[in-house]
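Below is one structure, written out as structure tokens; the observations come after it.
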Amino acid sequence: MIWLALHLPNLPLQPCTRAEGSADTPIAVFGTTPSSGHPWRYALPRQTQAGPPSGGRAGGSRLVAANARALAAGIHPGLGLASALALAPDLVARPRDIRGEAALLVELACWAAQFTPQLALDAPDCVLLDVGASLRLFGGIGELMARIAHGGAALGLELSLAAAPTPLAARWLALCGGGRIVERHDDLPARLAALPVGVLESAAGGRDAVRAESIALLEAIGIGTIGQCLHLPRDGLARRDAQAVTRALDRAFGRLPDPRPPFVPPQTFRSRIELALPSANAEQLTFAARRLLAALAGHLAAHQSGIEHYRLQLEHDELPASVLGVHLGVVSRDEARCSLLAREHIAALRLVAPVTAVALEAAQILPLPGESGTLFGAQLGNPREQAEARTLLVERLRARLGNDAVGCIEMHGDHRPERAWQAVVPQDGRVARTGVHHPPPRPVWLLPEPQPLARSDTLQLVAGPERIEAGWWDGFDVARDYHLALGPQRQLLWVFRELRDGESWFVHGVFG
Amino acid sequence: MASLLPFADLPPRTDIWRGDSLAAPALPGIASGFAQLDAQLPGNGWPLGALTEIYAEAEGIGELSLLAPALARLAAQDKWIACIAPPWLPYAPALAALDIDLARLLIVRPQSRAETLWAARQAIASQACSAVLCWLTRADMQSLRRLQLAAEASHTLSVLFRPAHQAQQATPAALKLLLQARLDGLALRILKRRGAAPAAPILLPQLQCTARALPHLAEAMAMAMAMAGHHDLAGAASAKPAAAAMHPC
């Protein structure tokens with residue numbers, strides 16, 4: 001059994017930085033939640049958190065996370081808002097969004113479910129995957145971690161990954177900087193020895209929680225690392241009311257069972273990204289939508305399913321949200337296809353106001369089994385791929401040019417030229433109807449309306465007449481004599497004489 | 001002349017290109033259905049993976065009939081035939097009579113020139129079309145180059161129909177044809193092709209205006225028209241001495 005921990009070191013920051021492609025703006029998140037147990041404590045150098053907070057009201061909101069740009073300006077966690085703004089006047093300060101963080105963690109778990117069906121949430125900032133059964137499929141733990149890291153970047157999340165035989169050990173390793181892999185139980189003591197005792201705090205909640213006093217006690221007696229902790233007598237710890245420490249260590253080393261409640265991904269998909277600053281830039285909105293679509297693609301892969309339609313909601317500050325319904329044309333979970341169509345729809349949209357948040361909803365999730373790989377690699381003429389390419393082209397053109405701009409034509413059984421064809425919606429796999437076959441010649445081009453001929457136009461009649469007289473029963477009554485005529489530039493025209501007045505001539509078609 | 005003979009007798013080699021031979025494109029062309037035309041085209045047919053431009057002196061002199069045999073053949077593939085910004089309504093009964101599968105025909109009506117170019121590029125690049133026919137009234141070098149690049153990366157028959165007065169504009173297309181309607185057939189001048197310099201115009205009597213519509217009537221009509229419009233024919237011939245020497249091959 002091998003557990004992979006996906007830890008979000010900058011979780012408080014992630015809800016507002018996900019939609020930012022570049023880290024040009026300094027962004028910081030402020031919250032009143034006590035940040036003592038928060039992972040930045042391990043991620044950041046210890047001296048930054050040691051001193052008393054400089055400035056800011058006591059009990060007011062404190063900075064809990066900041067992006068690299070803000071940290072470079074000298075901002076560090078624990079600062080008050082006023083001090084932070086004094087250091088970086090262009091700082092974008094956002095309140096902490098605890099619910100958004102929880103939703104983000106669930107979203108990450110839904111996405112990660114494509115790699116293994118056995119996973120667990122480890123609140124507040126970690127997802128644990130039991131990947132023991134998936135290693136062969138994904139080509140080993142290293143490959144799998146590279147793949148997850150790459151996918152995490154597409155989601156816009158900063159991930160720290162670590163693998164270990166027990167979930168707790170994996171989590172501790174991820175917490176103290178990612179990229180570490182421990183494959184055997186025997187290696188655990190050596191690999192965990194250097195970790196700071198602070199990680200014990202994240203061991204578990206409830207009865208098994210390691211209390212802050214216990215950690216303070218350990219630090220006070222000069223125990224700084226897990227390795228040193230291991231040398232302490234168990235009964236001594238128990239006497240000092242710190243059994244939780246020994247239990248946590250036992251679980252991390254696999255000496256006690258550590259069952260995790262399995263996470264079951266929900267059936268529907270709904271996610272939302274808040275933009276750091278309101279924006280009306282199509283590129284930026286597409287970027288945010290792409291983050292959501294990447295998460296959706298993972299979610300669908302985990303369910304072995306696809307969607308045919310999704311909804312993008314662009315939320316505005318005071319006005320109702322603009323809703324874009326995107327049809328894929330086929331059931332698919334192809335991320336590239338979804339984001340391509342999203343881009344066209346967003347580009348064609350006329351925004352009423354700057355957008356503050358982008359939400360994605362896929363209500364109807366349909367089963368779509370995966371495809372078997374072929375022995376000799378992908379073949380180009382795969383009929384299913386071709387069919388998908390055809391519908392994608394139609395949907396793409398419709399997204400940009402409008403639904404009416406793309407169509408097909410079909411024969412219709414009627415003698416009147418205007419009614420002998422009809423427009424139909426492009427549909428893949430349609431079989432052309434073979435209507436009545438007109439033995440007489442018909443022009444390749446039909447003018448949308450018959451054009452009256454002036455008396456001065458001289459045409460040379462070549463053949464005819466062909467009388468078409470029909471339609472008295474449905475209000476579109478025609479009585480015409482059709483001729484072929486040579487035009488001034490030797491193009492062959494289809495002209496008719498209106499039989500009702502016997503005088504007026506019209507051009508109705510061109511033999512192209 | 002005698003000294004040239006041994007050279008002409010040399011066996012053909014792939015690493016020597018002779019100035020009088022046509023280029024050999026990577027993909028064989030789609031047979032146009034007209035033997036005289038195929039003989040003059042590199043790849044023995046309409047080029048795939050390159051842009052073709054057709055300049056017609058007037059709309060409706062047979063530019064679509066010229067492509068019809070190739071389109072009928074391409075319709076057998078399970079791909080779209082995209083008509084982008086056609087000048088009028090493509091008329092279903094006539095197209096069906098030309099053996100073009102209507103289920104494969106996709107008609108796109110963009111609102112502007114930029115949208116037309118965009119749609120053409122998407123259609124060519126999508127690999128979902130066997131042929132893309134696009135009617136362009138005006139185009140700049142940059143957008144044509146983009147279309148040509150898209151065409152090079154695909155296996156699509158990509159044809160642009162443009163007005164004849166732009167025929168002298170430089171373009172990146174691999175093949176440029178100028179169509180002229182004549183009383184005895186449709187005259188094609190190859191303005192540009194890969195390989196040998198363009199040869200004499202080709203006359204396709206099969207596409208004579210009435211022959212397209214009424215094959216059985218064509219001969220009688222051509223005679224009648226030649227008599228009736230004799231002075232007109234003389235005028236056209238004197239205006240274009242090159243065309244006067246034309247002979248159906």
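The values are calculated or read from the model by the stated rules, or taken from the named source; none is laboratory data. From a predicted model like this one, the values you see are computed outputs, not experimental measurements. Here Cβ is always computed from backbone atoms with ideal geometry, including for glycine, and neighbour counts include all displayed protein chains. Remember, those area values only see protein heavy atoms, side chains included, never the ligands or the DNA or RNA. Shrake-Rupley method; radii C 1.70, N 1.55, O 1.52, S 1.80 Å.
Every residue, every condition in (1) modelled with pLDDT under 75; (2) outside any loop (DSSP other than H, G, I, E, B); (3) facing chain A (nearest Cβ under 9 Å); (4) surrounded by fewer than 22 Cβ atoms within 10 Å (Cβ to Cβ), yes or no:
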{"site": "B:Pro6", "(1), (2), (3), (4)": "yes, yes, no, yes"}
{"site": "B:Asp38", "(1), (2), (3), (4)": "no, yes, no, yes"}
{"site": "B:Thr52", "(1), (2), (3), (4)": "no, yes, no, no"}
{"site": "B:Ala58", "(1), (2), (3), (4)": "no, no, yes, yes"}
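Mind checking which residues of region B:60-74 are more than 14 Å from every other protein chain (Cβ to nearest Cβ) and open to solvent by 10 Å² or more (accessible area, probe 1.4 Å)?
The answer is B:Arg73, and nothing else.
Tell me which residues, restricted to region A:471-498, are touching a residue at least 12 places away in the same chain (Cβ under 8 Å), within 14 Å of chain B (Cβ to nearest Cβ) and not in a strand (DSSP E or B).
Of region A:471-498, the ones touching a residue at least 12 places away in the same chain (Cβ under 8 Å) are A:471, A:476, A:478-488, A:491-498.
Subsequent filtering for residues that are within 14 Å of chain B (Cβ to nearest Cβ) retains A:482-488, A:491-495.
The answer is A:Gly487, A:Pro488, A:Gln491.
Yes/no matrix, rows are residues, columns are (1) modelled with pLDDT of 90 or more; (2) within 10 Å of chain A (Cβ to nearest Cβ):
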{"site": "B:Ala76", "(1), (2)": "no, no"}
{"site": "B:Ala92", "(1), (2)": "no, yes"}
{"site": "B:Leu95", "(1), (2)": "no, yes"}
{"site": "B:Asp99", "(1), (2)": "no, no"}
{"site": "B:Ile107", "(1), (2)": "yes, yes"}
{"site": "B:Leu117", "(1), (2)": "yes, no"}
{"site": "B:Ala120", "(1), (2)": "yes, no"}
{"site": "B:Ala123", "(1), (2)": "yes, yes"}
{"site": "B:Val132", "(1), (2)": "yes, no"}
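Go through (1) among the aromatic types (Phe, Trp, Tyr); (2) within 30 Å of A:Pro167 (Cβ to Cβ); (3) in contact with a strand residue (DSSP E or B) (Cβ under 8 Å, 6 or more places away or on another chain) for A:Tyr310 and report which single condition fails.
All conditions are met except number (2).
Name the single residue that is farthest from the other protein chains (Cβ to nearest Cβ) among those in region A:452-470 being open to solvent by less than 80 Å² (accessible area, probe 1.4 Å) and either of a type in the set (Gly, Ala, Ser) or in contact (Cβ under 8 Å) with a residue 60 or more places away in the chain (or both).
Among them, the one singled out is A:Ala454.
Select from region A:417-426 the residues that are within 10 Å of chain B (Cβ to nearest Cβ), in contact with a Cys (Cβ under 9 Å, 6 or more places away or on another chain) and not in a strand (DSSP E or B) and list them in ascending order. If you could, list the steps in order and put the result at the bottom.
First, the residues of region A:417-426 that are within 10 Å of chain B (Cβ to nearest Cβ): A:417-418, A:420-424, A:426.
With the extra rule that they be in contact with a Cys (Cβ under 9 Å, 6 or more places away or on another chain), the set shrinks to A:423-424, A:426.
Correct list: A:Pro426 only.
Are any residues in region A:265-293 at pLDDT 85 or above, closer than 23 Å to A:Leu121 by Cα and open to solvent by 80 Å² or more (accessible area, probe 1.4 Å), and if so, which ones?
The answer is A:Arg270, A:Arg272.
What is the one condition in (1) more than 11 Å from chain A (Cβ to nearest Cβ); (2) closer than 18 Å to B:Ala50 by Cβ; (3) in a loop (DSSP other than H, G, I, E, B) that B:Leu144 does not satisfy?
Condition (3) is where B:Leu144 drops out.
Could you give every pair whose Cβ atoms fall below 9 Å, whose first residue belongs to region A:309-337 and is outside the structural domain of A:Arg384 (by TED's automatic domain parsing) and among the small types (Gly, Ala, Ser), and whose second residue is open to solvent by 60 Å² or more (accessible area, probe 1.4 Å) and not in a strand (DSSP E or B), counting only separations of at least 6 or pairs across chains?
Note: no pairs meet the criteria.
Tell me which helices (runs of 4 or more DSSP H) are completely within region A:163-251 and hold 3 or more residues being under 18 Å from A:Leu128 (Cβ atoms), open to solvent by less than 60 Å² (accessible area, probe 1.4 Å) and not charged (D, E, K, R), or say none if there are none.
Details: elements: A:167-175, A:188-192, A:212-220, A:226-230, A:234-239.
The qualifying helices (runs of 4 or more DSSP H) are A:167-175.
Answer yes if at least one residue in region B:155-163 is in contact (Cβ under 8 Å) with a residue 40 or more places away in the chain, within 11 Å of chain A (Cβ to nearest Cβ), out of contact with any Asp or Glu (no Cβ under 6 Å at 6 or more places or on another chain) and within 13 Å of B:Gly49 (Cα to Cα), and no otherwise.
yes
Please count how many residues of region B:80-90 are at the interface with chain A (Cβ under 7 Å from one of its Cβ atoms) and hydrophobic (A, V, I, L, M, F, W, C).
Residues in region B:80-90 being at the interface with chain A (Cβ under 7 Å from one of its Cβ atoms) and hydrophobic (A, V, I, L, M, F, W, C): 3 in total.
If I filter region A:392-416 down to residues being touching a Leu at 6+ places or on another chain (Cβ under 8 Å) and more than 8 Å from chain B (Cβ to nearest Cβ), which single residue comes out as least open to solvent (accessible area, probe 1.4 Å)?
My answer is A:Ala399.
Among the basic types (Lys, Arg), open to solvent by 20 Å² or more (accessible area, probe 1.4 Å) and assigned to a strand (DSSP E or B), is that true of A:Arg311? Talk me through it step by step, then tell me what you get.
On the way: among the basic types (Lys, Arg): yes; open to solvent by 20 Å² or more (accessible area, probe 1.4 Å): yes; assigned to a strand (DSSP E or B): yes.
In short, yes.
Against the condition touching a Phe, Trp or Tyr at 6+ places or on another chain (Cβ under 7 Å), within 12 Å of chain B (Cβ to nearest Cβ) and at pLDDT below 85, how does A:Gly512 come out, does it pass? Spell out the reasoning first.
Values: touching a Phe, Trp or Tyr at 6+ places or on another chain (Cβ under 7 Å): yes; within 12 Å of chain B (Cβ to nearest Cβ): yes; at pLDDT below 85: yes.
Against the criterion (touching a Phe, Trp or Tyr at 6+ places or on another chain (Cβ under 7 Å), within 12 Å of chain B (Cβ to nearest Cβ) and at pLDDT below 85), A:Gly512 qualifies.
Do we find that A:Ala209 is aliphatic (A, V, I, L, M), modelled with pLDDT of 85 or more and under 28 Å from A:Met1 (Cβ atoms) in this structure? Reasoning before the result, please.
Values: aliphatic (A, V, I, L, M): yes; modelled with pLDDT of 85 or more: no; under 28 Å from A:Met1 (Cβ atoms): yes.
It is false that A:Ala209 is aliphatic (A, V, I, L, M), modelled with pLDDT of 85 or more and under 28 Å from A:Met1 (Cβ atoms).
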